[in-house]
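As structure tokens, the structure follows; a few thoughts come after it.
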There are 2 protein chains.
Amino acid sequence: MSGIDVVIIGVGLVGSAVIKQLSSVSSLSSLHVIALQNSKKTLLASPGKRLALGANDEWKQALAASPLNALSLDELVKRLHEIQSQNQSHIAVVDNTSDDGVAAFYPLFIQAGFSIATPNKKAFSGSLELYAHILHSALQPEVVQKGPLVYQESTVGAGLPIINTLDDLLVTGDRIKKIEGVLSGTMSYIFNEFSPPQGSTRKFSEIVTMAREKGYTEPNPGDDLSGSDVARKLTILSRLIPDLANELPEGYTSVDTQSLTPAGLRDEKDADTYVKRLPEFDAEFDEMRAKAQANNSVLRYVGVIDVEKRLIRAGLESYPADHPFATSLGGSDNIISFSTERYSPRPLLVQGAGAGADVTAMGVVSDLVRIAQRRM
Amino acid sequence: MSGIDVVIIGVGLVGSAVIKQLSSVSSLSSLHVIALQNSKKTLLASPGKRLALGANDEWKQALAASPLNALSLDELVKRLHEIQSQNQSHIAVVDNTSDDGVAAFYPLFIQAGFSIATPNKKAFSGSLELYAHILHSALQPEVVQKGPLVYQESTVGAGLPIINTLDDLLVTGDRIKKIEGVLSGTMSYIFNEFSPPQGSTRKFSEIVTMAREKGYTEPNPGDDLSGSDVARKLTILSRLIPDLANELPEGYTSVDTQSLTPAGLRDEKDADTYVKRLPEFDAEFDEMRAKAQANNSVLRYVGVIDVEKRLIRAGLESYPADHPFATSLGGSDNIISFSTERYSPRPLLVQGAGAGADVTAMGVVSDLVRIAQRRM
């Protein structure tokens, strides 16, 4: 059997989209799925075989009916090695969870010789120790490297070419001056509505409530408004920039992050109460917007990595009403701007949907393609 | 010696930038230059060795002083095979020329087992026969392929992630609905100045003359205003889209292309006379701009591939003054918009400098990195 063998951990929205792309796209026929796992069950291919996924999600029944309860990751590795000893193929693990436990296990997957492709931000935005462990094992800066590979395109901007572009800039010797972007789809939607270039008088609480009803926020919108998702993405990007090697955040919590949850609501854990009380704080947001509008500017919640100033920050900034972050952005788009030695004074910009199962899966599957191209 | 061996044909502005990146970036140390060639001379490494390029362009003297006059490509292949029989490395040819003759030779390079990385548009926008030849030998749609590889990122938008992004969309099963973009840096500059969102009264001829003085145009601006550069890029992109397999342009000259050279100037071959006579036609351009401005729109010279309508066209279009092609664009930026099944209604956008030696070289060197990752 020629190709690589793929193990899929996490089969929710993103995982299902990954499986759909793998099973319906004929040019991906060299990527063979040999294992599926969710929190309840594990489904393994027999040695020498691949899993038949089916065109209509037949894998869902097969996984539910599997006699194997979800294996521990240690046990999973052991069983995968048994399959590998027969198949003689390179194995790539796809982690579609947002689980800290799976992320913490990456060094052991790598030690086992397995590559990783994942949209899970945890391993790359958590402790510097875990990151260093992964970096040491696989994410080497060398162009060419023999061991397992770690790809993470979908951790920032889903399928948008962000990590790949940053890698290409760096590997060819460009120097990053500044990376700046709207990196959260939820924050993008909220501020595109709250502070459009032509101005608005709508209330912040009303927009957040609507975003929540449309399913654009976490169950508790406070989890979006904390800015921690943006801080995680900044951590991931900054760790790829060699010029920041000595100022890397210990983890996403050490990034300078402005929470938009009003001080009076910080301790409110109940999501419904949180949303109900949000109107009490509308005046604060109105004031910030009025100040921006008076300068013919808009408000955007952005992530900024200013390499020259050694500054990494997530927070609200104002941009002139004719800036691309004001005019070009809409919906829940992400936008990212790379100012580099080569791309200056005008930056390289990438924009588009930065969340959603299909575009996230696209980033993961593109990563798998690159692993297959390098490892078979 | 581990790595791949690189042959560089064409050492002008782009070629020099490629060499500079290869010789000054330490992570590229697995890419070994074994041959340089320009129209006069060839410089070959001794078998088992690589060329010492030097940190200060010492290769320029070495090439000029080479005892070998420029080899025919047939002869070059023969000599490279001799080197290869000793080095046992994969060879990649970088074609930095814009030469039809070098492009026509690609099938023979591929037959010889050599990969190709190039910003030269000729082979991919010329006759369908040559393209089919290359496609048959190397540009296979399969994810994984054993033979030589052909990479062409810099043929559209220089180092901007355009071909790679299109490849990723397609390989993961997305379907392209429409690609639309400002694909010529010269045209971008001219219309950003002539038709800004806030309107303008400046004359077309005056802006073209200024662009020429700044070195933004070809020696004869008529070569830019013909639109043929955009037609070439549209040919390249459309040939990558499987849904267009039956409607591919025979070559760039069969793309529906609007020339901006006024009818009365079509036969004017002398560049100075061309520019001197351009003001005679300012009224025509004023009229088009007035019509756009009356609709609160701007004029942009764009390339459009409308897959659903089976339409491939280069020409002037008007866009609302708040469209990204109006507001976000500046300088001589390229911008490209991919509307796909996944990225709709809002498209994926990539924007930035689309010409210049350093950014073009970056695309070429990134391609070489991918070849090295897959072939060593």
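Just so you know, all these numbers are worked out from the coordinates, no wet-lab data involved. Since we're looking at a predicted model, the values are computed, not measured. Here Cβ is always computed from backbone atoms with ideal geometry, including for glycine, and neighbour counts include all displayed protein chains.
Structural remarks
- Under the combined filter of DSSP loop state and at most 16 neighbouring Cβ atoms within 10 Å, the range B:232-320 retains these GluC sites (Glu not before Pro): B:250, B:308.
- Summing charges over all other residues whose Cβ lies under 9 Å from the Cβ of residue A:232, with Lys and Arg as +1 and Asp and Glu as -1, gives +2.
- With label points set 7 Å from Cα along Cα→Cβ, the inter-copy distances at residue B:72 are 7.1 nm, sorted shortest first.
- Entries in A:121/A:146; B:40/B:276; B:41/B:121 that, when Cα-Cα distance is taken, lie over 29 Å: B:40/B:276
- Averaged over the residues of peptide B:338-345, the number of Cβ atoms from other protein chains lying within 10 Å of each residue's Cβ is 4.
- Taking the square roots of 5 times each eigenvalue of the Cα gyration tensor of chain A, largest first, gives ellipsoid semi-axes of 38, 24, 18 Å.
- Close amide H pairs (under 5 Å, H built 1.01 Å from N) link residue B:334 with B:352, B:353, B:354, residues at least 5 positions away or on another chain.
- Shortest-first distances to equivalent copies, position residue B:294, nm, label 7 Å out along Cβ: 4.2
- Taking the helices alone, chain A has a mean residue ellipticity at 222 nm of -11000 deg cm²/dmol, built from -39,500 (n - 2.57) per DSSP H run of at least 4 residues and averaged over all its residues.
- A cut-off of 5 Å between modelled amide H atoms, ignoring neighbours fewer than 5 places along the same chain, links residue B:116 with B:93, B:149, B:150, B:151.
- For the range A:161-178, putting each phi into the Karplus relation 6.51 cos²θ - 1.76 cosθ + 1.60 with θ = phi - 60° gives couplings of x, 10, 5, 4, 5, 4, 4, 5, 4, 6, 5, 8, x, 6, 10, 7, 9, 7 Hz, in residue order, rounded to whole numbers and with x for Gly and Pro.
- For the range B:1-125, alpha-carbon Rg and Dmax in angstrom: 13.4, 37
- Proximal aspartates and glutamates relative to residue A:177, as straight alpha-carbon distance under 14 Å, when same-chain residues fewer than 8 apart are discounted: A:243, A:306, A:308, A:341
- Derived scalar couplings ³J(HN,Hα) [the range B:44-53; Karplus, 6.51 cos²θ - 1.76 cosθ + 1.60; whole Hz; x for Gly, Pro]: 10, 6, 5, x, x, 10, 10, 6, 8, 8
- For the range B:206-211, the Karplus equation 6.51 cos²θ - 1.76 cosθ + 1.60, evaluated at θ = phi - 60°, returns couplings of 5, 5, 4, 4, 5, 4 Hz by residue, with Gly and Pro reported as x.
- Between helix A:282-294 and chain A there is an angle of about 70 degrees, using the helix long axis and the longest principal axis of the Cα atoms.
- Relative to the longest principal axis of the Cα atoms of chain A, the long axis of helix A:228-238 lies at roughly 70 degrees.
- Between the range A:319-335 and the range A:277-315, the C-alpha centres lie 14 angstrom from each other.
- At most 16 other Cβ within 10 Å, DSSP loop - trypsin sites (Lys or Arg not before Pro), the range B:271-348: B:309, B:310
- Other protein chain C-beta atoms within 10 Å of residue C-beta, averaged over B:348-359: 6.
- In summary, the aspartates and glutamates within cross-link reach of residue B:20, defined as a Cα separation below 13 angstrom excluding same-chain residues under 8 places away, comprise A:174, B:57, B:58, B:358.
- Ellipsoid equivalent to the range A:187-337 - semi-axes via the Cα gyration tensor, in Å: 26, 20, 13
- Under 14 Å, Cβ to Cβ, from residue B:15 - net charge with Lys/Arg +1 and Asp/Glu -1: 0
- Within 10 Å of each Cβ in A:166-178, the average number of Cβ atoms from other chains: 5
- Amide H within-cut-off set for residue A:260, under 5 Å, with H built and near neighbours excluded: A:226, A:227
- Exam field: residue B:253 pseudo-label spacings to other copies (7 Å along Cα-Cβ), nanometres: 6.8
- The residues neighbouring residue A:127, those whose beta-carbon lies less than 11 Å from its own, together hold a net charge of -2 under the Lys/Arg +1, Asp/Glu -1 convention.
- More than 52 Å apart - percent of Cα-Cα pairs taken over the protein assembly as shown: 13 percent
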